[in-house]
Amino acid sequence: MLSLNSCIEIINKEFNLLKTETNQPAELYNPIYYVLDLAGKRIRPTLTLMACHLFSEDISVAIKPAAAIEIFHNFTLVHDDMMDNAILRRNQPTIHAKWDYNVAILSGDAMMIKAYQLMCDVDQELIKPLLDIFNKTALAVCEGQQYDMNFATRNDVHLDEYIQMIALKTSVLLAASLKIGAICGYAPEQEAEKLYQFGLNLGLAFQIQDDYLDVYANQDVFGKMVGGDIAENKKTFLLIKALELAKEEHSVILQKAINNEIPDMLEKVRLVRKVYDELNIAQVTKDKITEYSNKAFEFLQSVDIEDTRKMQLLELAYGLMKRKK
Ligand code: IPE
Ligand code: IPE
Ligand code: MG
Ligand code: MG
Ligand code: MG
């Protein structure tokens, strides 16, 4: 059995090792270890280790790639927080808020390079297959992030476009985390592919849940500024659904909000949330999360491995559906 907690421990140990090896100049590395030490959920490296464990008792092969993925993920967060004007993450100030933008850019760059270094720290025959999928994924995340930015200034984003965007910015990394684990476990290609599809659907559910929490979470638990997406005119699942279902009076408020005609941010968030409440958007969102989670479970079920070996992944996926942060 490979528990969630033991996966987190393995990754944290890897990061502690890193800290002792590489730490100068401190102005570059302190922010990196600051963000890595904050209590992230470590979902992606856990997926990697668990996917490897499905096919192999020896998960040591997957540890460096798993750490690489978590550092890459944290790098995307550091840059994402600048792009989203977010000053709070994991209940602490973001790097650009605590230091400055130059620090956040350069520390982020170094994290990405560190991620590649760790991804290549595997047996020779694994380097090419791992880099093939990692390169493809990293570029897809950039594409998704650009669509996310583009959509903020557009008011006609269709649900299909939104799904495409979150698949790129979020799902592909969860999917790749699983596939990379499977490759490290020397899984047959078609089984690795089923895990990839499990991750894609899990990732869609995960990002829609993130959109939901951005409106309805308890901020102290969520650790990020609630209402941030509304403030930034992000085209989230909730907003797109609300625009779709809105009658005249709701439509007027939503249009005012996304056209920056409500200067007081707290008031803007309050008004948009009221529209969501009146349109019962929370339930519509939860139904969508369930739909994608169920699709994900189907793919996990189809992996040709005895069911008892899949229990930990299944539990993790269920936990994500009910998460509060
Ligand atoms: C945040 O990811 C970015 C999204 C894709 C929504 P997580 O919710 O996994 O963030 P941490 O690592 O646990 O903080
Ligand atoms: C995150 O989307 C996607 C990436 C960081 C690649 P969000 O912007 O919604 O993530 P959070 O909410 O800031 O964690
Ligand atoms: Mg963000
Ligand atoms: Mg963002
Ligand atoms: Mg978000």
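The values are calculated or read from the model by the stated rules, or taken from the named source; none is laboratory data. Keep in mind it's a predicted model, so treat the numbers as computed, not measured. All Cβ positions, even for glycine, are placed from backbone atoms using ideal geometry, and neighbour counts span all protein chains on display.
Give region 219-252 a look and list any residue that's assigned to a loop (DSSP other than H, G, I, E, B), within 12 Å of ligand 1 (Cβ to nearest atom) and among the small types (Gly, Ala, Ser), or say none.
In the first step, residues of region 219-252 are kept if they are assigned to a loop (DSSP other than H, G, I, E, B); the result is 223-227, 232-236, 246-247.
From what's left, within 12 Å of ligand 1 (Cβ to nearest atom): 223-224, 234, 236.
Hit for region 219-252 is GLY223, nothing else.
Does MET50 meet the test of being within 16 Å of ligand 5 (Cβ to nearest atom), in contact with a Gly (Cβ under 9 Å, 6 or more places away or on another chain) and assigned to a helix (DSSP H, G or I)?
Numbers: within 16 Å of ligand 5 (Cβ to nearest atom): no; in contact with a Gly (Cβ under 9 Å, 6 or more places away or on another chain): yes; assigned to a helix (DSSP H, G or I): yes.
No; evaluated as a whole, the condition is false for this residue.
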- Message: Just to be sure I understand the filter: pairs with C-beta atoms under 8 Å, separated by 6 or more residues or on different chains, first member in region 244-255 and within 13 Å of ASN155 (Cα to Cα), second member small (Gly, Ala, Ser) and surrounded by 11 or more Cβ atoms within 10 Å (Cβ to Cβ). Which pairs pass?
- Response: LEU254/ALA242; LEU254/ALA246
- Item | Where a residue in region 207-221 is free of Cβ contacts under 8 Å to residues at least 60 places away in the same chain and within 15 Å of GLU291 (Cβ to Cβ) and its partner, wherever it lies, is crowded, with 21+ Cβ neighbours inside 10 Å and of a type in the set (A, V, I, L, M), with Cβ under 7 Å and at least six apart | GLN207/ILE166
- Pick from TYR212, TYR276, TYR216: which is crowded, with 16+ Cβ neighbours inside 10 Å and more than 16 Å from ligand 1 (Cβ to nearest atom)? TYR276
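Can we say GLN117 is closer than 21 Å to PRO45 by Cβ, modelled with pLDDT of 95 or more and among the polar types (S, T, N, Q)? I'd like the intermediate steps shown before the answer.
On the way: closer than 21 Å to PRO45 by Cβ: yes; modelled with pLDDT of 95 or more: yes; among the polar types (S, T, N, Q): yes.
So GLN117 passes the test.
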- Query: Looking at region 284-301, is at least one residue over 21 Å from GLN207 (Cβ atoms) and not in a helix (DSSP H, G or I)?
  - Reply: no
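With in contact with a strand residue (DSSP E or B) (Cβ under 6 Å, 6 or more places away or on another chain) and either over 21 Å from GLY203 (Cβ atoms) or surrounded by fewer than 20 Cβ atoms within 10 Å (Cβ to Cβ) (or both) as the only criterion, which of LEU88, LEU38, LEU106 stands out? Give the steps one after another, and end with the answer.
On the way: LEU88 fails: in contact with a strand residue (DSSP E or B) (Cβ under 6 Å, 6 or more places away or on another chain); LEU106 fails: in contact with a strand residue (DSSP E or B) (Cβ under 6 Å, 6 or more places away or on another chain).
One residue alone meets the criteria, LEU38.
Per-residue answers, yes or no, for (1) farther than 26 Å from LYS224 by Cα; (2) touching a Cys at 6+ places or on another chain (Cβ under 9 Å); (3) without any contact (Cβ under 8 Å) to a residue 60 or more places away in the chain; (4) more than 16 Å from ligand 3 (Cβ to nearest atom):
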{"position": "GLU27", "(1), (2), (3), (4)": "no, no, no, yes"}
{"position": "ASP37", "(1), (2), (3), (4)": "no, no, yes, yes"}
{"position": "GLY40", "(1), (2), (3), (4)": "no, no, yes, no"}
{"position": "LEU49", "(1), (2), (3), (4)": "yes, yes, no, yes"}
{"position": "CYS52", "(1), (2), (3), (4)": "yes, yes, no, yes"}
{"position": "SER56", "(1), (2), (3), (4)": "yes, yes, no, yes"}
